[in-house]
Amino acid sequence: MRAIYSVHIKGTPTVVRNGLEYTKQNVVAFHDRVRVVGHSDAFFGGDESRGYRSKILTNPTWRTLLGCLRSQMKRTLDEHHCFLEGARVVCREVDKDGVSYAVVELITGS
């Protein structure tokens, strides 16, 4: 099971290799504290699929989010959606110390 970083994410700095554009992985994706979440999916992950919640991350890069995708794939058992195409903030929550953070879903493709 391997997440593959393969696409140019709109609005991000790119690098061109072999005529293809890729998002630079060392670029900060969110200038914020974030937690990545992924939902279980019985269709793609089977009955053993479980939801994913990362630890709270501060100013994660696209490389960090790719690592979260790898962990999410292991937890949800969804090997079909292995391309990171983006990420979006879905809401804000507050941690146990009363500090706000963004909840982020990864946009993936196959």
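The values are calculated or read from the model by the stated rules, or taken from the named source; none is laboratory data. What you see is a predicted model, and the numbers here were worked out from it, not measured in a lab. Counting neighbours? That spans all protein chains shown, and the Cβs are built from the backbone with ideal geometry, glycine included.
Taken over region 35-65, the criterion of being touching a residue at least 40 places away in the same chain (Cβ under 8 Å), among the β-branched types (Val, Ile, Thr) and out of contact with any helix residue (DSSP H, G or I) (no Cβ under 9 Å at 6 or more places or on another chain) is satisfied by Ile56 alone.
Considering every residue within region 7-20, establish whether at least one is loosely packed, with under 15 Cβ neighbours inside 10 Å, under 16 Å from Gly109 (Cα atoms) and free of Cβ contacts under 8 Å to residues at least 40 places away in the same chain.
Step one: filter region 7-20 for residues loosely packed, with under 15 Cβ neighbours inside 10 Å, giving 10-11, 13-20.
Retained after the next criterion (residues that are under 16 Å from Gly109 (Cα atoms)): 10.
From the residues that got through so far, the ones that are free of Cβ contacts under 8 Å to residues at least 40 places away in the same chain too are none.
No; the residues of region 7-20 include none that is loosely packed, with under 15 Cβ neighbours inside 10 Å, under 16 Å from Gly109 (Cα atoms) and free of Cβ contacts under 8 Å to residues at least 40 places away in the same chain.
If we keep just the residues of region 13-58 that are in a loop (DSSP other than H, G, I, E, B) and over 25 Å from Thr76 (Cβ atoms), which is modelled with the highest pLDDT? Filtering first and then ranking leaves His31.
The single condition from (1) surrounded by 15 or more Cβ atoms within 10 Å (Cβ to Cβ); (2) part of a strand (DSSP E or B); (3) touching a Ser or Thr at 6+ places or on another chain (Cβ under 7 Å) that Arg92 fails is (1). Restricting Thr61, Thr76 to those that are hydroxyl-bearing (Ser, Thr, Tyr) and within 11 Å of the chain's Cα centre (by Cα) reduces the list to Thr61.
For region 14-42, a residue qualifies if it is closer than 26 Å to Glu93 by Cβ and aromatic (Phe, Trp, Tyr), and exactly one does: Phe30.
Could you list, in sequence order, all residues of region 77-91 that are modelled with pLDDT of 95 or more and either over 19 Å from Ile9 (Cα atoms) or hydroxyl-bearing (Ser, Thr, Tyr) (or both)? Result: Cys91, single match. The set of residues from region 61-84 being part of a strand (DSSP E or B) and surrounded by fewer than 16 Cβ atoms within 10 Å (Cβ to Cβ) comprises just one member, Phe83. Being touching a Phe, Trp or Tyr at 6+ places or on another chain (Cβ under 7 Å) and either over 18 Å from Asp32 (Cβ atoms) or of a type outside the set (Phe, Trp, Tyr) (or both) holds for only one residue in Arg75, Arg50, Arg63, and it is Arg75.
Just to verify a result, which residue in region 95-110, among those that are within 16 Å of Phe44 (Cβ to Cβ) and polar (S, T, N, Q), is surrounded by the most Cβ atoms within 10 Å (Cβ to Cβ)? It comes out as Thr108.
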